[in-house]
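Asker: A single structure is presented below for examination.
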Amino acid sequence: MKYVRMPIEIESPEEQGYDTIRYNLSESSMRDRKLSDLGLGVDDLVLAYGAHRGAPGLLGLIAANAKVPDADVLCTAGAAAALFIIATTLLEKGDHLVVVRPNYATNIETPRAIGCDIDYVDLAFDAGFQLDVDRLESLIRPNTKLISVTTPHNPTGVALSEATLRRLIAITEARGIRLLVDETYREMSFVPKLPVAASLSPSAISVASVSKSYGIPGVRVGWIINRDPKLMERFLAAKEQIGICGSIIDEQIAEVALGQSAQWLASVAKDLSIGVETVATWIAGEPRLEWVRPQGGCVCFPRIRADAGIDVERFYHVLSADHAACVGPGHWFEQDKRHMRIGFGWPLPAELKGGLAAISASLDAAKR
Ligand SMILES: Cc1ncc(COP(=O)(O)O)c(C=O)c1O
């Protein structure tokens with residue numbers, strides 16, 4: 001494995017120091033919650049090794065939400081570890097995969113570290129970031145092992161339609177290829193939620209976590225769902241070799257959080273609709289930017305218009321140096337830096353408005 005640190009991690013707010021940032025518009029989750037918000041008592045928790053697949057109560061909640069049997073779920077240390085386990089289980093050096101780009105960096109970087117042969121399906125701004133399934137299909141080869149998509153998508157917020165998801169399943173089933181669907185933002189859909197992909201076919205592998213919609217990314221709990229018991233056994237073997245079982249405390253917290261999903265997700269939906277409207281109103285009055293309105297998640301991926309006469313490097317410099325504000329710059333996603341990811345779920349309303357005003361002021365200062 002050839003590991004390379006990713007810009008999105010090196011430049012992340014937690015690595016820069018949260019206290020150095022005034023307007024943090026770079027996050028891709030809801031506002032972080034405190035342990036006391038969950039009202040759980042863990043004093044009597046026995047700190048033994050946990051069940052290797054995940055705590056039974058936690059598996060049950062995940063499985064019920066996905067409409068699959070408990071045995072089809074494997075808990076992991078966040079969706080990040082789920083993606084790592086899937087890539088290292090299914091792919092070897094030289095194997096071919098097709099992956100959507102831009103993407104959450106790990107979806108691309110782990111296959112790269114393995115030494116895979118990768119084809120990218122680029123999501124184009126001018127096509128509304130819609131997935132071109134014909135193009136994706138044309139890239140499949142006899143040695144293609146995996147097709148990897150994300151919905152709702154990070155960083156664009158665009159969601160697949162159910163017809164597209166079913167077509168991807170049909171394509172992969174017909175060729176004996178696995179379909180990885182990163183559903184980390186599924187609970188934050190503004191359009192009707194898709195079925196969990198893994199519930200539709202054993203060829204589909206679903207990944208998600210409590211990080212984003214539950215606002216608890218420091219609790220490292222995610223999961224893999226798949227209906228092929230042999231494949232699940234291999235995923236479990238990978239998990240056991242990495243860490244035996246999950247963190248008992250993290251799993252307990254995740255179980256309590258998922259148990260409160262009805263109330264919590266309703267309040268998340270309200271906050272997201274206020275956040276996305278705040279961005280929409282601001283963009284409507286900001287002629288130097290254009291965007292594709294997101295259909296889910298808590299981020300969007302606007303760009304500075306090519307003819308706006310903006311010195312892009314200066315823009316980012318002023319944003320950080322003069323306003324202590326940050327967004328996710330395009331290079332985090334291997335895109336032109338005219339693009340920026342703006343998170344509207346994490347900042348509180350005043351911080352979001354202040355950060356958007358800081359972006360406009362930085363565009364003023366970076367005018368050529
Ligand atoms: C699409 C997507 N997948 C997976 C992850 C990993 O999240 P976690 O490991 O915190 O569950 C992220 C985090 O940004 C993401 O955006």
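Asker: If you line up the long axis of helix 56-66 against the longest principal axis of the chain, both from Cα atoms, how many degrees apart are they, to the nearest 10?
Answerer: So the helix axis and the longest Cα principal axis differ by about 60 degrees.
Asker: Next question, about the same structure. Neighbouring Cβ atoms within 10 Å as the yardstick, rank 6, 30, 232 fewest first.
Answerer: Going from sparsest to densest Cβ surroundings: 6, 232, 30.
Asker: Evaluate the Debye formula for segment 42-259 with equal point scatterers sitting on the alpha carbons, no solvent, and hand back log10 of I(q)/I(0) at q = 0.07, 0.11 Å⁻¹, in q order, two decimals.
Answerer: Evaluating at q = 0.07, 0.11 Å⁻¹ gives log10 I(q)/I(0) of -0.20, -0.50.
Asker: Note the full-extension length gain between residue 350 and residue 368 as 0.36 nm times their separation in residues minus their Cα-Cα distance, in nm to one decimal.
Answerer: Going from the current span to full extension adds 3.5 nm.
Asker: Quick one: give the max-minus-min coordinate of the C-alpha atoms of the chain along each principal axis, largest first, in Å.
Answerer: For the chain, the Cα spread along each principal axis is 59, 54, 38 Å.
Asker: Give, rounded to the nearest 20 debye, the magnitude of the charge dipole that the chain has about its Cα centre when Lys and Arg contribute +1 at Cβ and Asp and Glu contribute -1 at Cβ.
Answerer: 540 debye
Asker: Subtract the Cα-Cα distance of residue 269 and residue 173 from 0.36 nm times their separation in residues, and report this length gain in nm to one decimal.
Answerer: Going from the current span to full extension adds 31.2 nm.
Asker: Here is a further query. Looking at segment 42-259 only, what percent of DSSP beta bridges run antiparallel? Nearest 5 please.
Answerer: Percent antiparallel among DSSP bridges in segment 42-259 is about 30.
Asker: I would also like to ask the following. Take 96, 339, 331 and order them by how many other Cβ atoms sit within 10 Å, fewest up front.
Answerer: Result, fewest neighbours first: 331, 96, 339.
Asker: Which residue, chosen from 136, 229, 49, occupies the Cα position most advanced towards the positive end of the dipole of the chain, where the dipole is computed from +1 (Lys, Arg) and -1 (Asp, Glu) charges on Cβ about the Cα centre?
Answerer: So the residue furthest toward the plus end is 136.
Asker: Further question on the same structure: Given 93/145; 212/270; 2/230, which pairs have Cα atoms separated by over 18 Å?
Answerer: Check vs 18 Å cut-off fails for 2/230.
Asker: Here is a follow-up. In segment 23-122, what chymotrypsin sites (Phe, Trp or Tyr not before Pro) fall in a loop by DSSP, with at most 12 other Cβ atoms inside 10 Å?
Answerer: Filter output for segment 23-122: 49.
Asker: Taking 35 Å as R0, compute the FRET efficiency from the Cβ-Cβ separation of residue 47 and residue 230 and round it to 0.05.
Answerer: Calculated transfer efficiency: 0.60.
Asker: Then there is this: Once the Cα atoms of helix 229-243 and of the chain are each reduced to a long axis, what angle between those two axes, in degrees from 0 to 90 to the nearest 10, is obtained?
Answerer: Between helix and principal axis, roughly 70 degrees.
Asker: Among 145, 230, which comes first, second and so on when ranked by fewest other beta-carbon atoms within 10 Å?
Answerer: 230, 145
Asker: Would you pull out the residues with amide H under 5 Å of residue 23's amide H, same chain only if 5 or more places away, H placed 1.01 Å from N?
Answerer: 325, 326
Asker: Okay, next question. Which of 333, 350, 301 sits closest to the plus end of the dipole of segment 296-368, meaning its Cα is farthest towards the positive end, when Lys and Arg get +1 and Asp and Glu get -1 on the C-beta?
Answerer: Highest projection toward the positive end goes to 301.
Asker: Add +1 for every Lys or Arg and -1 for every Asp or Glu among the other residues with Cβ under 14 Å from the Cβ of residue 304, and state the total.
Answerer: The answer is +2.
Asker: Between residue 138 and residue 1, 0.36 nm times their residue separation minus their Cα-Cα distance comes to what?
Answerer: Answer, rounded to one decimal: 46.5 nm.
Asker: A further question follows. Check which residues have an amide H placed less than 5 Å from residue 305's amide H, if you skip close sequence neighbours.
Answerer: Here the answer is 289, 290, since their amide H atoms fall under 5 Å of that of residue 305.
Asker: To the nearest 20 debye, what is the magnitude of the charge dipole of segment 42-259 about its Cα centre, counting +1 on the Cβ of each Lys and Arg and -1 on the Cβ of each Asp and Glu?
Answerer: 360 debye
Asker: Quick one: angle between helix 248-259 and the longest Cα principal axis of the chain, in degrees between 0 and 90, rounded to 10, please.
Answerer: 70 degrees
Asker: Then there's this: Rounded to the nearest 0.05, what FRET efficiency is calculated for residue 11 and residue 35 with R0 set to 30 Å and r the Cβ-Cβ distance?
Answerer: Rounded to the nearest 0.05, the efficiency is 0.60.
Bear in mind that the values in this text are calculations on the coordinates, not laboratory data. This one's a predicted model, so the numbers in the text were calculated from it and none came from an experiment. Positions of Cβ are backbone-derived with ideal geometry, glycine not excepted, and every protein chain shown enters the neighbour counts.
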